[in-house]
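The values are calculated or read from the model by the stated rules, or taken from the named source; none is laboratory data. Only a predicted model underlies this, so the values are computations on that prediction, with no experimental measurement involved. Quick reminder, even Gly has a Cβ in these numbers, built from the backbone with ideal geometry, and neighbours come from all protein chains shown.
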Amino acid sequence: MSRRNKELAEIFEKMADILEFLGDSPYRISTYRRAATVISELQEDVEEAFKSGRLERFPGIGSSTLLKVEEFLKTGTVKKYEDLRKKVPEDLLELMDVPGIGPKTLKVAYEKLGVKSKDDFIRALRNGSLEKLPGFGRKKVEKILKGIKLWERSRERISLIDAYQMAQEVLEYVKGIGGVIEAQVAGSIRRMRETVGDIDILVSATKESWSGIHEGFVRYPGVKEVLAKGETKSSVVLKEGRQVDLRTVEPSQWGAALQYFTGSKRHNIRVRDIAKEKGLKVNEYGVFKTDTGERVAGKTEEGVYRAIGMQWVPPEIREDWGEVELALENKLPRLVSLEDIKGDFHMHTNWSDGINSVEEMARACYELGYEYIVIGDHSQSARVANGLTPERYAEQWKVIEEVNKAYEGKNFRILKGAEVDILPDGSLDLPDEVLERFDFVVASIHSRFDRDNTDRILKAMENPFVNLIGHPTGKSYGYREGYPLDMDRVLEKAKETGTALEVNTFRIDIAPELIRRCMQGGVTVAIVTDAHAVAHLPYMKLGVGIARRGWATPDKVLNCRSLEGILEFVSSKRKAMRVG
């Protein structure tokens, strides 16, 4: 997403927040939210979309919204937004991002208790004044306090997908600075850690270029504050509040520096200890003989590991989880790679709550080189997501069939799918006679997150037509903790029924430890984007990274199979469950 797209989307989102706080028309509020979503998920710069007329073709983008877009492109802001900002304390509006706090709650606190800031609001929660108001109470206050704690924690460390987007934007800018030979994101992003604190970028360049590179780096348009500018390291804070550190090294030091600054700390300590036992010293400058100081490696990461008798270790598993011992014996498994992925099982279109059409999603996936995709729009219970009834699915199937005709002979097929709701009693939102007509079914929980949902998931997996459990733990970083779940029973049932578990790129609700348990227990996983727009599809790379972090191998990742393999996977479960 371009920086202008991000800024304009934030303006529309904040306008919606303010209007909701003020009790304005729900239609106007939803219009601004829709505009924010469309603009944030555009593949092109908003100015290009506006001038070409493409922007106005999206549902919900009317003439009034277009005028505001034009105003932003000319002035850098929107007057209506600037006027609205004066009506509500901005510090208070920040709290609308907190789980459990809505505009009505804030408005009551503002009007009845004179709350005008985040600190005022937290004070009112803790001193008991808020719980005395109508519609509140101790239980609701405790839930809000828990939400604030979760929100504050998420501000310290952001989700991988947010950090990755920021890092890629900075990286592309840095690559364009004169003198840069090589540049790469290091640290926890390179290790695909689920959450990220600061962003680390490493640059290879000759010494005479270092000063100009750091000078160019601190002039990055997204910089809010320059913390330090030096010859080898500079640090800035982005407008989003995230710190970015840039380090420059000589080309001969590149591999050693990349290994060192990728981490993790525990992995690096183990590597240094092993090197020491062999009479070597490893640091960010290279690998050296302890007795003579002779430099024996450092230009490449592979060379660093090879010099101390180790197999190169994939960044995602550098956590001292046993990878060092296996690398010493040259026994590391081949982890799943992006090149292994042949399709995506979970994406949404404008038939439900997505942005793009079936045709647009199909075209983008074909261009990614996929053999198949599953269009899995929400089922009817998801009213807020414009869920489909059986009749609407039947209409969508006609469109899918038409689009499939255009790809005949091109080794690409759209499978008819659904993300069907698992209801509170574990039954599904669609009857079996409808589910049977789908090619592939994802079943997910979208309600009752405050209870143990083990039995719901177990019952759903017993349905012969359910092939994949969507975002199984219910966790969504910074917004919601996962619901209680007996994972031992879930894994056992998944293996028993031949049901896959989802590794969801956006939610990252399955931790690497759980993916590794799936690998060890013979449970199949599927890496999905849960894409709601074409712009989300490339984030399959992050899903693969999370799976690699869980030591996922291609043989246990469903979307490493061919189309025939997927159809066999579906067919096998239906036959086995019916026989059972």
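For this structure, a couple of remarks:
- Of everything in the range 77-101 that is without any contact (Cβ under 8 Å) to a residue 60 or more places away in the chain and surrounded by fewer than 14 Cβ atoms within 10 Å (Cβ to Cβ), the residue that is nearest to LYS149 (Cα to Cα) is ASP91.
- Of all residues in the range 289-333, exactly one satisfies the criterion of being among the β-branched types (Val, Ile, Thr), over 14 Å from VAL271 (Cα atoms) and not in a loop (DSSP other than H, G, I, E, B), namely VAL296.
- Within the range 273-286, the residues that satisfy the criterion of being hydrophobic (A, V, I, L, M, F, W, C) and within 36 Å of the chain's Cα centre (by Cα) are ILE274, VAL282.
- For the range 342-358, a tally of residues being in a strand (DSSP E or B) and in contact with a Ser or Thr (Cβ under 7 Å, 6 or more places away or on another chain) returns 2.
- Scan the range 547-580 for residues that are in a helix (DSSP H, G or I), among the hydrophobic types (A, V, I, L, M, F, W, C), under 17 Å from ASN467 (Cα atoms) and at pLDDT 95 or above and the total you get is 7.
- So VAL544, is it part of a loop (DSSP other than H, G, I, E, B), under 24 Å from the mean Cα position of the chain (by Cα) and among the hydrophobic types (A, V, I, L, M, F, W, C): no
- Test: residue in the range 475-489 that is of a type outside the set (Val, Ile, Thr), in the same structural domain as ILE373 (by TED's automatic domain parsing), farther than 27 Å from LEU415 by Cα and without any contact (Cβ under 8 Å) to a residue 24 or more places away in the chain: yes
- Residue list for the range 448-478, filter: in a loop (DSSP other than H, G, I, E, B) and in contact with a Ser or Thr (Cβ under 8 Å, 6 or more places away or on another chain): GLU462, VAL466, ASN467, GLY470, HIS471, TYR477, GLY478
- Test: PRO390 is out of contact with any Leu (no Cβ under 9 Å at 6 or more places or on another chain) and in contact (Cβ under 8 Å) with a residue 12 or more places away in the chain: no
- Any hit, the range 221-234, residues being in contact with a Leu (Cβ under 6 Å, 6 or more places away or on another chain), at pLDDT 95 or above and either surrounded by fewer than 16 Cβ atoms within 10 Å (Cβ to Cβ) or in a strand (DSSP E or B) (or both): yes
- Qualifying position, being closer than 26 Å to LYS224 by Cα and at pLDDT below 90, among LYS6, LYS79, LYS68: LYS6
- Unique match (being assigned to a strand (DSSP E or B) and either buried (at least 17 other Cβ atoms within 10 Å of the Cβ) or touching a Cys at 6+ places or on another chain (Cβ under 8 Å) (or both)) among LEU514, LEU501, LEU491: LEU501
- The range 296-308: number of residues that are surrounded by fewer than 20 Cβ atoms within 10 Å (Cβ to Cβ), under 14 Å from GLU250 (Cα atoms) and more than 32 Å from the chain's Cα centre (by Cα): 1
For (1) at pLDDT 95 or above; (2) not assigned by TED's automatic domain parsing to the domain that holds LYS224, each residue gets a yes or a no:
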| residue | (1), (2) |
| --- | --- |
| GLY241 | no, no |
| VAL244 | yes, no |
| GLY255 | yes, yes |
| LEU258 | yes, yes |
| ILE274 | yes, yes |
| LYS281 | yes, yes |
| GLY298 | yes, yes |
| GLU301 | yes, yes |
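- Of the candidates ILE158, ILE144, ILE148, ILE122, the single residue that is buried (at least 16 other Cβ atoms within 10 Å of the Cβ) and within 30 Å of LEU202 (Cβ to Cβ) is ILE158.
- Matching option when the condition is farther than 30 Å from GLN259 by Cα and either over 24 Å from the mean Cα position of the chain (by Cα) or modelled with pLDDT of 95 or more (or both), among GLU325, GLU329, GLU401: GLU401
- The conditions of being among the β-branched types (Val, Ile, Thr) and more than 30 Å from TYR27 (Cα to Cα) are not met by VAL399.
- Hits in the range 411-430 (condition: without any contact (Cβ under 8 Å) to a residue 40 or more places away in the chain and either surrounded by fewer than 17 Cβ atoms within 10 Å (Cβ to Cβ) or not assigned by TED's automatic domain parsing to the domain that holds ARG561 (or both)): PRO424, ASP425, SER427
- Residue, farthest from the chain's Cα centre (by Cα), within the range 132-165, restricted to residues that are assigned to a helix (DSSP H, G or I) and among the hydroxyl-bearing types (Ser, Thr, Tyr): SER154
Yes/no per residue for (1) in contact with a His (Cβ under 8 Å, 6 or more places away or on another chain); (2) of a type in the set (D, E, K, R); (3) under 14 Å from ILE341 (Cβ atoms):
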site	(1), (2), (3)
LYS541	no, yes, yes
LYS556	no, yes, yes
GLY565	no, no, yes
VAL570	no, no, no
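- Unique residue being at positive phi and of a type in the set (Lys, Arg) when the list is ARG480, ARG448, ARG489, ARG456: ARG448
- The range 309-322 residues that are outside the structural domain of VAL296 (by TED's automatic domain parsing), paired with ones that are in a helix (DSSP H, G or I) and surrounded by fewer than 17 Cβ atoms within 10 Å (Cβ to Cβ) (beta carbon under 8 Å, 6 or more apart): none
- Elements of type helices (runs of 4 or more DSSP H) contained in the range 37-127, each with 1 or more residues being of a type in the set (Ser, Thr, Tyr): 46-52, 63-75, 79-85, 103-113
- Qualifying residue in the range 426-439 (condition: assigned to a strand (DSSP E or B) and among the hydroxyl-bearing types (Ser, Thr, Tyr)): no
- Hey, ASP353 under 25 Å from the mean Cα position of the chain (by Cα), surrounded by fewer than 23 Cβ atoms within 10 Å (Cβ to Cβ), within 27 Å of ALA35 (Cβ to Cβ) and not polar (S, T, N, Q) or not: yes
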